[in-house]
Structure formats: structure tokens, C-alpha cells
Amino acid sequence: MLDQDLARALDAWLSSAPADGLALAHLVTRRIRRAGRSDVPAPVLDALAGIAGRHRGRDPFLDDYLDAVLTPHELALPLLGRILEHSGLDAEHLAALLLADVVRHETRHPDPVDPAAGRRRARRAARVVWTVDMSLDADQAPPAAPALAWLEHTVLPTSARRDEYLVVRARQAHHLVGTRPPLADLLGRLAGGPAVTDPAVTDLAARRARRSAPVREVVAA
């Protein structure tokens, strides 16, 4: 069971030399994705705080990850910044990968209650991807770079709400690109901000959102 694997990993990190930080992050992220950070038991959080204190400085990526897990409402921005620094990507392309992750998430985990809502979330995320680069697939996977292996561990929802995954990714991407048009307008809407006001932005995104065959059925307008 997942919790048994996580318990063994926590014991190992608290009692011996550190092992693989990315493997620990994988177990913790899976536990959080089950029902959100608010559902993580206090003993697990206490153990993670102990690991963060005991091993700080050994793996900067793990340090940033644990800080994000242990800080309420954290968007994992320090970890994203470290990933950006070591990935070789510019901010806009990293933002595109964040929204492509939403498309993959919605494709692999269809909404059992409202499938149409899941397709809408994927379509809206795909429009951001193509606004950055029309040659990208809507569900573009991160390149094989060590820093980008941490990217999947930067979504740490507080609850199990289906739309929170998209909102978190949109807010993270908005922090990366700042006020650069047209992305800022699209991302502001995805993150709960004002609606897109420039028709040229939505027209451009819609045209590009029809170009990716692998997920055409999911993101079709």
C-alpha cells in the first residue's frame, strides 16, 4: 500500500543517511494528490518537517519541495524557479510545459462526474501551449533533463477539487511570464482573473489549438 511505502521511506530518511530525494517526493506527491494537502496526517507532516531540518542543504530541489509541502497555499514557486534555472528553458516554454501537464492530467484521469468539464479544462490549457509555440503538442512532455524530473511535483493541491490542478498550474505559469502579452491575458483568466478582452488572443490560441493530433479529441473546440 502507498501509506506503508511512504512510512518506510520516512523512517529511512529520519534514521539513516539520505537516499533518493526524488523518490521521496514521488511518494509524498501521490499521497497529496489523493485528497489534497489538507488531508495529509499530522504525523506525516511532522516527519517531513524533521527530514527538512535534518537534511537541509544536501539537495536544494528537495529542500524547495519540502518547503512547498509544509507551507499552506504555497505554489512551489521557489522550486519552479530552481527548475527554470537548471532546465535550459525560457520562462514562456516552461509555462507551456506546465499547461501541457494539465492536458496530460485531464487525458489520463478523466473527470468521472463531468467529462465535458474535463475536456474544457484541457482545451483551455492547450490554448496556452499553442500561444507559446504552435509546433508543440498540447500534451508535450518535459524534455529528459534532471531538473525537469521535479516538474510533476510542483502541483500540490490543497483539496481533491477537479479544477484545482488547472488553477494551480495557471497561477504558476502567470508568475513565470509576468505581464507578457498575450499569455498574461489567457493565464489571468485560467487562474480566476478577468476574462480575455482581446479577440485576437483567443482567435490565435484557437487556431493553434487545432494543430495537435495526439489530443485532438480532448481539446477540440
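The values are calculated or read from the model by the stated rules, or taken from the named source; none is laboratory data. This structure is a prediction, so every number in the text was calculated from the model and none was measured. A quick note on method: Cβ atoms are made from the backbone with ideal geometry, for glycine too, and the neighbour counts reach across all protein chains shown.
Quick one: in region 18-68, of everything that is in contact (Cβ under 8 Å) with a residue 40 or more places away in the chain and part of a loop (DSSP other than H, G, I, E, B), which residue is surrounded by the most Cβ atoms within 10 Å (Cβ to Cβ)?
Result: D59.
Select from region 43-59 the residues that are among the charged types (D, E, K, R) and under 18 Å from D3 (Cβ atoms) and list them in ascending order.
Filtering region 43-59 down to residues among the charged types (D, E, K, R) leaves 46, 54, 56, 58-59.
Within region 43-59, just D46 meets the criteria.
Restricting attention to helices (runs of 4 or more DSSP H) lying wholly within region 76-193, give those where 3 or more residues are in contact (Cβ under 8 Å) with a residue 40 or more places away in the chain and closer than 24 Å to V28 by Cβ.
Values: elements: 77-87, 91-108, 115-132, 164-177, 183-190.
Qualifying helices (runs of 4 or more DSSP H): 77-87, 91-108, 164-177.
Yes/no matrix, rows are residues, columns are (1) out of contact with any Asp or Glu (no Cβ under 9 Å at 6 or more places or on another chain); (2) of a type in the set (D, E):
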| position | (1), (2) |
| --- | --- |
| G53 | yes, no |
| P60 | yes, no |
| D64 | yes, yes |
| D90 | yes, yes |
| H93 | no, no |
| L98 | yes, no |
| T107 | no, no |
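Being of a type in the set (S, T, N, Q), in the same structural domain as R108 (by TED's automatic domain parsing) and either modelled with pLDDT of 85 or more or surrounded by fewer than 17 Cβ atoms within 10 Å (Cβ to Cβ) (or both), is that true of even one residue in region 198-221? Even if it seems obvious, please write down each step before you answer.
Start the filter on region 198-221 by keeping residues that are of a type in the set (S, T, N, Q), which leaves 202, 212.
If we keep only those that are in the same structural domain as R108 (by TED's automatic domain parsing) as well, we get 202, 212.
From what's left, either modelled with pLDDT of 85 or more or surrounded by fewer than 17 Cβ atoms within 10 Å (Cβ to Cβ) (or both): none.
No, there is no match, as no residue in region 198-221 is of a type in the set (S, T, N, Q), in the same structural domain as R108 (by TED's automatic domain parsing) and either modelled with pLDDT of 85 or more or surrounded by fewer than 17 Cβ atoms within 10 Å (Cβ to Cβ) (or both).
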